[in-house]
Amino acid sequence: MSKQRLSFKTAAIVLLLLCALGGLVLWSVQAPRAPAGPLAGAQIGGPFTLIDQDGRTVTEKDFGGRYKLVYFGYTFCPDVCPLDVQKLATAMRTFEKQDPARAAKVVPIFITVDPERDTTAALKDFVSAFHPRLVGLGGSVAQVDAAKKAYRVYAKKAGPEGSKDYLVDHTAMIYLMGPDGAPISFTDHTGTADQIAADLDKYVR
């Protein structure tokens, strides 16, 4: 092969590589991206192994590629938890009516902070009362503690030592997590269902 043919081939390869690189840059500029939320870069979320309301072992990988609305609470909660979960469920229904395709990319998840009382049966009864796609997660104390740590959730029993009739003080946040597991935004207990639905509309792509 002559030097001229070799340089011709080399030039062609370089040209193809430059075209491919240019196309990649153009795609990255034009590709739609979800706006960065207020929790962008926060160290919230991570690996977990829990048991769902049907008794199946699940990890964060089972929800990979989907957005997640995550709330930590407990089924024996007399006030805050059911109100917050109702807001989450209402927001999901609003978004489902508004844009079914994008809403299908969102998984609502309830994680108990009271694994000693929240059995799979208790979780199933609780989540089924709010939304048909709401996932209830529990497990052993160690498993739940690991999930709470990953999501920076505080929870502590409040009541007589050794009593089974106790309340649990806990963080009351609804987190919106991205398909990659990174945190996007949050709604605290003062937020409304409309605010949660607006966040879904803003960030889910």
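Per-residue answers, yes or no, for (1) of a type in the set (A, V, I, L, M, F, W, C); (2) in contact (Cβ under 8 Å) with a residue 40 or more places away in the chain; (3) over 24 Å from Ile51 (Cβ atoms):
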{"site": "Val113", "(1), (2), (3)": "yes, yes, no"}
{"site": "Leu134", "(1), (2), (3)": "yes, yes, no"}
{"site": "Ser140", "(1), (2), (3)": "no, no, no"}
{"site": "Ala147", "(1), (2), (3)": "yes, yes, no"}
{"site": "Thr171", "(1), (2), (3)": "no, yes, no"}
{"site": "Asp201", "(1), (2), (3)": "no, yes, yes"}
{"site": "Val204", "(1), (2), (3)": "yes, yes, yes"}
(message) Quick check on the range 174-191. Is at least one of its residues in contact with a Ser or Thr (Cβ under 7 Å, 6 or more places away or on another chain), more than 19 Å from Gly65 (Cβ to Cβ) and not in a helix (DSSP H, G or I)?
(response) yes
(request) From the list Val80, Val106, pick out the single residue that is under 22 Å from Phe186 (Cα atoms) and more than 18 Å from the chain's Cα centre (by Cα). (result) Val80
(request) Kindly provide the set of residues from the range 173-192 that are open to solvent by 20 Å² or more (accessible area, probe 1.4 Å) and not β-branched (Val, Ile, Thr), ordered by number. (result) Met173, Pro179, Asp180, Gly181, Ala182, Phe186, Asp188, His189
(message) Can you report the number of residues in the range 73-95 which are under 18 Å from Thr192 (Cα atoms) and buried (at least 21 other Cβ atoms within 10 Å of the Cβ)?
(response) 10
(message) Against the definition (over 15 Å from the mean Cα position of the chain (by Cα), in contact (Cβ under 8 Å) with a residue 60 or more places away in the chain and surrounded by 15 or more Cβ atoms within 10 Å (Cβ to Cβ)), how does Gln98 come out, yes or no?
(response) no
(request) Collect the residues in the range 136-154 that are outside any helix (DSSP H, G or I) and either of a type in the set (S, T, N, Q) or open to solvent by 30 Å² or more (accessible area, probe 1.4 Å) (or both), keeping them in residue-number order. (result) Ser140, Arg152, Tyr154
(request) Just give me the residues in the range 115-132 being touching a residue at least 24 places away in the same chain (Cβ under 8 Å), within 23 Å of Ala91 (Cα to Cα) and either aliphatic (A, V, I, L, M) or in contact with a Gly (Cβ under 8 Å, 6 or more places away or on another chain) (or both), in sequence order. (result) Leu123, Lys124, Phe126, Val127
(message) Need a quick list: strands (runs of 3 or more DSSP E) entirely within the range 57-135 having at least 2 residues that are touching a helix residue (DSSP H, G or I) at 6+ places or on another chain (Cβ under 9 Å).
(response) 67-73, 106-112
(message) So, in the range 158-169, how many residues would count as being part of a strand (DSSP E or B) and either among the acidic types (Asp, Glu) or in contact (Cβ under 8 Å) with a residue 12 or more places away in the chain (or both)?
(response) 3
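The values are calculated or read from the model by the stated rules, or taken from the named source; none is laboratory data. Since the structure is predicted, the reported quantities are computational estimates derived from the model, not experimental observations. Glycine gets a Cβ as well: all are built from the backbone with ideal geometry, and neighbour counts include every protein chain shown. In case anyone asks, the SASA skips ligands and DNA or RNA and just uses the protein heavy atoms, side chains included. Shrake-Rupley method; radii C 1.70, N 1.55, O 1.52, S 1.80 Å.
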